[in-house]
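The values are calculated or read from the model by the stated rules, or taken from the named source; none is laboratory data. Everything numeric here is computed off the predicted structure, so don't read it as measured data. When we count neighbours, we look across all protein chains shown, and the Cβ atoms used for this are built from the backbone with ideal geometry, even at glycine.
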Amino acid sequence: MKSDEQLKHDVQAELAWDTQIDDTAIGVATHHGVVTLTGTVPCWAAKHAIEEAAYRVHGVSSIANEIDIKPSWESGPTDSDLAEQVHLALSWDPFIRSGRIRATVSDHGAVTLAGAVATLRERDEAERVIRGISGVRNVTNDIAIEAPPVTETTLRDTIQQALSRHAARAASHVTVAVDGDTVVLEGTVGSWLERRAVLGAARGTPGVKRVEDHLLFV
């Protein structure tokens, strides 16, 4: 296991390496694998990019993202401008198949998403594409999951088959439990990328409305 000092150094190096990130105003603190990020950025997309970069570092178990967003509203887009950009982004994204997503923009860049999609992955994609729009301050994702009823056995078998395709090593170290439309993942993963593959297998399965992540890093 890395020391706190080594982990801090590695996270700082990753932030400095990523050309999409301005790390000059970002603080990093570590304690037993938990990374705390502080500082200020101009938009929500930048805050999320920093979090994603930190998670790429081996040894990071959890992140407390305390970065503040302080946009310059004087020169930024109006809520009306943002609403139009949000509508276009949702319409053009090839991974969003549902035409039932509604977006409301208020309070200088606060976006609320509503409506319904078939999978958690599509719900996540809608949020991802919106947070990349300049001027968006935060996103509240109230999109519901609506899919035909699926038996617990079918859900579990479908997820386990996806695990075998996406993360072969993890498939033998992760257990999948299904309770109604909730999936509980337990076991161990070797990296953040492997964890994301396991979660993706569950979140991309129609009929899953909630995922409980109890995965541990080894």
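Hey, could you check segment 129-152 for residues that are of a type outside the set (A, V, I, L, M) and at pLDDT 90 or above and say which is nearest to Lys70 (Cα to Cα)? Even if it seems obvious, please write down each step before you answer.
The first filter runs over segment 129-152 and keeps only residues of a type outside the set (A, V, I, L, M), leaving 131-132, 134-135, 137-138, 140-142, 146, 148-149, 151-152.
Still in the list and also at pLDDT 90 or above: 140-142.
Working: Thr140: 18, Asn141: 21, Asp142: 24 Å.
Across segment 129-152, the extreme among qualifying residues is Thr140.
Just to be sure, is Ala114 exposed (fewer than 15 other Cβ atoms within 10 Å of the Cβ) and either in the same structural domain as Ile133 (by TED's automatic domain parsing) or among the β-branched types (Val, Ile, Thr) (or both)?
It is true that Ala114 is exposed (fewer than 15 other Cβ atoms within 10 Å of the Cβ) and either in the same structural domain as Ile133 (by TED's automatic domain parsing) or among the β-branched types (Val, Ile, Thr) (or both).
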Open item on the list: I'd like to know if segment 187-207 contains one or more residues that are modelled with pLDDT of 85 or more, among the hydroxyl-bearing types (Ser, Thr, Tyr) and surrounded by fewer than 19 Cβ atoms within 10 Å (Cβ to Cβ).
Closed with: yes
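Would you be able to say whether some residue in segment 78-90 is in contact (Cβ under 8 Å) with a residue 40 or more places away in the chain, outside any helix (DSSP H, G or I) and not hydroxyl-bearing (Ser, Thr, Tyr)?
Checking segment 78-90: not a single residue is in contact (Cβ under 8 Å) with a residue 40 or more places away in the chain, outside any helix (DSSP H, G or I) and not hydroxyl-bearing (Ser, Thr, Tyr).
Taking Val139, is it of a type outside the set (Gly, Ala, Ser), in contact (Cβ under 8 Å) with a residue 40 or more places away in the chain, within 23 Å of Ser91 (Cα to Cα) and buried (at least 20 other Cβ atoms within 10 Å of the Cβ)? Give the derivation first.
Working: of a type outside the set (Gly, Ala, Ser): yes; in contact (Cβ under 8 Å) with a residue 40 or more places away in the chain: yes; within 23 Å of Ser91 (Cα to Cα): yes; buried (at least 20 other Cβ atoms within 10 Å of the Cβ): yes.
Yes; evaluated as a whole, the condition is true for this residue.
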Open item on the list: Show the residue pairs meeting these rules: Cβ distance below 7 Å; 6+ apart or different chains; first residue within segment 98-110 and at negative phi and part of a loop (DSSP other than H, G, I, E, B); second residue at pLDDT 85 or above and crowded, with 20+ Cβ neighbours inside 10 Å.
Closed with: Ser98/Val117; Ser98/Glu122
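Given the criterion within 18 Å of Asp124 (Cα to Cα) and either among the charged types (D, E, K, R) or touching a Pro at 6+ places or on another chain (Cβ under 8 Å) (or both), identify the matching residue among Glu152, Glu212. Lay out the reasoning, then the answer.
Details: Glu152 fails: within 18 Å of Asp124 (Cα to Cα).
Sole residue among the options that is within 18 Å of Asp124 (Cα to Cα) and either among the charged types (D, E, K, R) or touching a Pro at 6+ places or on another chain (Cβ under 8 Å) (or both): Glu212.
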Task: Residue check, Glu122 assigned to a helix (DSSP H, G or I), under 30 Å from Asp107 (Cα atoms), free of Cβ contacts under 8 Å to residues at least 24 places away in the same chain and not basic (Lys, Arg) - done: no
Task: Leading residue by the ranking (nearest to Gly59 (Cα to Cα)) among those in segment 1-18 that are among the small types (Gly, Ala, Ser) and part of a helix (DSSP H, G or I) - done: Ala13
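With respect to Arg156, is the statement that it is assigned by TED's automatic domain parsing to the domain that holds Ala201 and either surrounded by fewer than 19 Cβ atoms within 10 Å (Cβ to Cβ) or among the hydrophobic types (A, V, I, L, M, F, W, C) (or both) true?
yes
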Task: Positions within segment 22-61 being at pLDDT below 90 and part of a strand (DSSP E or B), in sequence order - done: Thr40, Val41
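For segment 15-39, which residues satisfy the criterion of being among the polar types (S, T, N, Q) and surrounded by 14 or more Cβ atoms within 10 Å (Cβ to Cβ)? First the steps, then the outcome.
Let us first name the residues in segment 15-39 that are among the polar types (S, T, N, Q), namely 19-20, 24, 30, 36, 38.
Passing the criteria: Thr30, Thr36, Thr38.
For Val208, indicate whether it is more than 26 Å from Gly33 (Cβ to Cβ) and touching a helix residue (DSSP H, G or I) at 6+ places or on another chain (Cβ under 9 Å).
When the stated conditions are applied, Val208 passes them.
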